[in-house]
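Visitor: Okay, here's the structure, questions in a sec.
The values are calculated or read from the model by the stated rules, or taken from the named source; none is laboratory data. Being a predicted model, the structure only gives us computed values, none of them experimental. No Cβ is skipped: glycine too gets one built from the backbone with ideal geometry, and neighbour counts run over all protein chains shown.
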Amino acid sequence: MLPLWPRMKPWRRNPVSARIFFRNPLKRSEPRFVVCVKNKGYAASLELRKLYQAISDEAPAKLHHIRVIDESGEDYLYPENYFVVVQVPQSAEKALLRAAAVSG
């Protein structure tokens, strides 16, 4: 017997889904946070498993890149598959932004 619902492809993990996450600015207000999961070629700028603030930028997202504030405190473009998007509670987001303002 065939199932009543259409067959769905198994969930494929897209590390950032930046094209979806950053394209619609109405979905979630700034800022957004990502965790670094790969840093090949950028070891001086990106630390693995570290949380970074990402900045919404549609043009690079179309090219599979994401704008991230890195260790230098400046924002640069990196491949989107180097990060995984994380949603933090609003209280944590405020605390992270306050800490960044103090250290920046």
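Visitor: For the stretch 24-38, enumerate the residues that are modelled with pLDDT of 90 or more and out of contact with any Asp or Glu (no Cβ under 7 Å at 6 or more places or on another chain).
Guide: Within the stretch 24-38, PHE33, VAL34, VAL35, VAL37, LYS38 qualify.
Visitor: List the number of the failed condition for SER72; all other conditions in (1) part of a loop (DSSP other than H, G, I, E, B); (2) over 19 Å from ALA100 (Cα atoms); (3) of a type in the set (S, T, N, Q) hold.
Guide: (2)
Visitor: Can you find even one residue in the stretch 46-59 that is within 9 Å of the chain's Cα centre (by Cα), among the β-branched types (Val, Ile, Thr), loosely packed, with under 14 Cβ neighbours inside 10 Å and modelled with pLDDT of 80 or more?
Guide: no
Visitor: Taking ALA99 as the residue in question, decide whether it is at pLDDT below 90, not in a loop (DSSP other than H, G, I, E, B) and not β-branched (Val, Ile, Thr).
Guide: When the stated conditions are applied, ALA99 passes them.
Visitor: For ALA92, work out the one condition from (1) touching a strand residue (DSSP E or B) at 6+ places or on another chain (Cβ under 6 Å); (2) among the aliphatic types (A, V, I, L, M); (3) closer than 19 Å to SER103 by Cβ it doesn't fulfil.
Guide: (1)
Visitor: Against the condition in contact with a Phe, Trp or Tyr (Cβ under 9 Å, 6 or more places away or on another chain) and either modelled with pLDDT of 85 or more or not in a loop (DSSP other than H, G, I, E, B) (or both), how does VAL84 come out, does it pass?
Guide: no
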